[in-house]
Structure formats: C-alpha cells, structure tokens
1. Take the alpha carbon gyration tensor of region 156-233, find the square roots of its eigenvalues, order them as a ≥ b ≥ c, and report rounded if a/c is under 1.5; if not, report prolate when a/b exceeds b/c, else oblate.
2. Which Cys in the chain stand alone, with every other cysteine's Cβ at 4.7 Å or more from theirs?
3. Output wanted: per-residue J couplings in Hz (rounded whole) for region 195-205, from phi through Karplus 6.51 cos²θ - 1.76 cosθ + 1.60, θ = phi - 60°, x for Gly and Pro.
4. Just 285, 83, 365 to compare: in a GNM of the chain, with alpha carbon springs under 10 Å, which one fluctuates most?
5. Hey, what number do you get for the chain at 222 nm if only DSSP H runs of n ≥ 4 count, each worth -39500 (n - 2.57), divided across all residues, to the nearest 500?
6. Hey, got the dipole for the chain? About the Cα centre, +1 on K and R Cβ, -1 on D and E Cβ, debye to the nearest 20?
7. Averaged over all directions, how much area does the convex hull of the C-alpha atoms of the chain cover when projected, in nm²?
8. Report ³J(HN,Hα) in whole Hz for each residue of region 59-76, in order, from the Karplus equation J = 6.51 cos²θ - 1.76 cosθ + 1.60 where θ = phi - 60°; Gly and Pro get x.
Amino acid sequence: MELTSAEKKGYFGEFGGSFVPEDLQLVLNELENQFLKYKDDPEFINEYQYYLKEYIGRENPLTFAENLTKQIGGAKIYLKREDLNHTGAHKINNAIGQILLAKRMGAKRIIAETGAGQHGVATATACAMFGMECVIYMGKVDTERQALNVFRMELLGAKVIPVTKGQGRLKDAVDEALDDLVRNYKTTFYLLGSAVGPHPYPSIVKHFQSIISEESKRQILEKEGKLPTAVVACTGGGSNAIGAFAHYIDEEDVRLVGVEPAEAATLTEGVPAVIHGFKCITILDENGEPKPTFSIAAGLDYPGVGPEHSFLKVSGRAEYVTVTGQEALEAFQMLSKVEGIIPALESSHAVAYAVKLAKELTPNDVLIVNLSGRGDKDVEQVFGMINKK
Ligand SMILES: *Cc1c(COP(=O)(O)O)cnc(C)c1O
C-alpha cells in the first residue's frame with residue numbers, strides 16, 4: 001500500500017510525531033530511511049509474502065458467522081480469522097515484517113518490550129524462525145503474573161530480562177529497551193508491537209498489519225459483491241484495528257468502529273498528551289502521568305492509543321465505543337457455543353459490540369468483525385472468573 005503523506009511525516013493531524021532525545025532520534029531517522037527503501041522493494045515484498053503464506057498460514061478466511069447471524073437477526077456478520085494465524089493472533093504479521101526489515105538492516109539482535117507477554121511471544125517466535133538473538137524486557141511485576149508466557153519465550157530461545165527499575169511495569173520496560181537501543185543500535189533492532197510509539201513505528205506497524213484489510217476487502221467483494229456496512233475491531237494500542245481499517249479508510253461509506261474496554265477507554269475518556277515519545281489521546285492520572293488501566297483483556301491494557309486512531313476519532317472518520325468486561329465475557333461464551341470459535345478476550349470486545357450493532361441494522365447490511373486472536377490463552381482466566389460468581 002502507498003504511504004499517505006501523513007504516514008510519511010508521522011503526523012496525523014496534531015497526533016504522532018517523535019518526542020525523543022537526539023541520540024534516539026538519529027536511530028529513528030535511519031530506521032525510517034531503511035523502511036522507505038525496502039517497503040516497495042519487490043524482493044522484500046516477495047519474501048514477506050512467502051512467510052505470510054508458508055509460516056503464518058495466510059490468507060486466513062473471512063468466515064460467515066451464519067449461526068450467530070441467525071440468532072441475532074440483523075446484519076450479516078463475517079469474522080476475519082486472525083485467530084487462525086500461527087501463534088494465534090495478528091501480532092505475528094508485524095513481527096515477521098519488522099524482522100525482515102531488521103535482517104536487511106544488518107541487525108543481529110532483536111529487542112522488544114512486552115506487558116502481558118503476547119508481543120514478546122510473537123517476537124521470540126519470529127527470532128527463532130530467523131535465527132536472531134532475542135532479548136525481551138518485561139516489568140518484574142509482569143514476569144511474575146505472566147510466568148507461563150515467560151517460559152514460552154524462553155522455550156523459543158529468548159532471554160527475558162525482568163525490569164525492577166521504577167514500578168517494574170510496562171513503561172519501565174519500554175525505557176530499558178530504548179536505553180539498550182541507543183547503546184547498541186549498530187547491531188540491534190527494536191521490534192515494536194503495536195501502532196504506537198514515535199514515528200516511524202506507527203506507520204511501519206500499519207504497513208505490515210494492513211494485510212488484514214487487503215485480504216478482507218477482496219474476500220467480501222467475492223462473497224457479497226459489495227463493501228461492508230461497517231468494520232469492527234478491538235482497540236488497545238490499535239494495531240489490529242488499523243490493519244483491519246486501512247483499506248477502507250478512503251471508502252467513506254464504510255463505517256469504522258473501534259471497540260475499547262470500558263475499563264481502559266482511552267479514546268472515549270482521554271485527552272491529547274505526549275506519552276512514550278509520541279502525541280496521542282491518553283488517560284492521565286492527577287500527576288499528568290499515563291494512568292494504569294484494568295481491562296480483563298491484558299492486550300487492551302494500554303493507557304494510550306496509536307496516533308492515527310486519535311486522529312480518526314477527532315476527525316470523525318471512525319467511531320470509538322466501549323463495552324464492559326462483563327459484556328466481553330458473555331460474547332466470549334456466546335461465540336464459543338454458537339460458532340465453535342473461542343475468541344481471545346480482546347477480540348470478544350469487538351464481538352460484543354458487533355452483536356449490538358447487528359441488531360440495529362438490517363439483513364442487507366454486512367459487518368466484518370476482526371477476530372484478532374484465539375482464546376485458548378484465556379480459558380483458564382475465564383474459568384476462574386465464571387466460577388467465582
Ligand atoms: C495484543 C492483542 C490485541 C491488542 O493490540 P492492538 O495493537 O490494539 O491490536 C488485541 N487482540 C489480541 C488477540 C492481542 O493479542
């Protein structure tokens with residue numbers, strides 16, 4: 001996909017940009033140059049497409065959720081099946097894309113930070129595949145809560161470094177990873193996991209995730225002969241949503257709907273501010289620091305959101321709504337029972353809202369729900385939540 005002028009500059013309205021120290025800025029400038037050099041290079045594209053197909057298992061289906069549609073009795077609901085990707089979610093699309101870029105740039109070592117561990121696992125997987133050294137920074141508190149994901153990363157050959165500085169949380173892990181990058185930029189590539197961070201990361205992540213809507217657009221035209229009424233995706237940092245929206249942004253008649261957890265409703269309750277090196281809409285505490293959030297879906301627990309979503313919200317091109325953890329939990333069970341598909345708790349937020357929206361629409365309407373991941377990882381947590389009641 002061609003980069004828009006906004007993506008090239010790194011500004012989406014007032015949002016985005018790069019608010020980092022000078023030495024880090026030099027590293028980011030070089031990353032931008034290399035990305036622009038390779039993104040349209042036919043060999044690079046071929047290689048990316050090879051791994052999408054042979055390793056990730058794309059293209060994945062756009063499944064008509066016939067039982068769910070019948071049960072609800074409104075719009076036809078289609079599911080874009082990112083849950084069927086290798087490793088069970090959309091994050092691998094971006095991890096493979098960035099690691100191919102890292103290889104071209106001569107990097108021998110990949111670093112990343114992770115909160116819940118999902119991005120760490122996707123990164124460790126890609127590193128194992130490409131024989132790269134892999135270092136994952138993770139807040140000490142998070143390594144204790146996500147011990148199984150730490151073990152998973154170690155199985156894949158990664159070194160997980162627990163960060164004890166500060167509060168030992170995601171933000172501190174980000175700081176450590178950036179320090180590492182500045183010290184080791186000659187050999188090291190920082191693989192960022194969502195459509196956030198300083199320019200050029202949001203544009204890079206969107207580029208690699210836009211495969212989702214490239215496929216879904218082709219698939220829906222084949223199946224329905226028309227574009228969908230709306231595309232619905234859950235929004236944490238915003239990478240699966242921006243990938244699911246990308247090829248529809250210029251199609252003014254297609255509604256774009258981002259679904260946030262009511263417990264981490266960044267775009268609904270936040271204000272413009274600079275966090276983690278870029279400007280976005282974010283929830284701040286009374287001291288002006290990013291406020292910790294508490295969603296049942298670990299992957300949606302981020303106080304900020306990508307700059308392009310911030311702009312799509314302010315400009316009115318996309319709608320952002322919230323559903324509660326309880327509603328997501330019900331959607332998790334409903335989709336499992338009715339379609340035989342256990343969705344990730346993150347994706348369950350999108351399913352929950354799609355069910356509400358479908359009821360307001362007619363059988364002539366078509367909804368695409370981006371099923372960002374599978375729920376196997378969440379079964380134990382849901383077991384605990386249901387049995388507590
Ligand atoms: C990480 C994750 C998300 C949230 O991240 P985005 O960058 O907002 O897409 C959503 N769904 C699943 C399954 C995830 O693993």
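Taken together, the values in this text are just the output of simple stated rules run on the coordinates, not laboratory data. Since this is a predicted model, take the numbers as computed values, not measurements. Here the Cβ positions follow ideal geometry from the backbone for every residue, glycine too, while neighbour counts run over all protein chains shown.
1. Working: a/c = 3.08, a/b = 2.60, b/c = 1.19.
Here region 156-233 falls in the prolate category.
2. By the Cβ distance rule, which asks for a partner under 4.7 Å, the isolated cysteines are 234, 280.
3. Along region 195-205, the couplings run 7, 10, x, x, 3, x, 4, x, 6, 5, 5 Hz.
4. 285
5. Working: 17 runs with 180 residues, N = 389.
Calculated from helices alone, the mean residue ellipticity at 222 nm is -14000 deg cm²/dmol.
6. Values: 41 positive and 52 negative charges, 120 e Å.
Computed charge dipole of the chain: roughly 580 debye.
7. 17.8
8. 7, 8, x, 10, 8, 6, 8, 5, 5, 5, 4, 4, 4, 8, x, x, 4, 6
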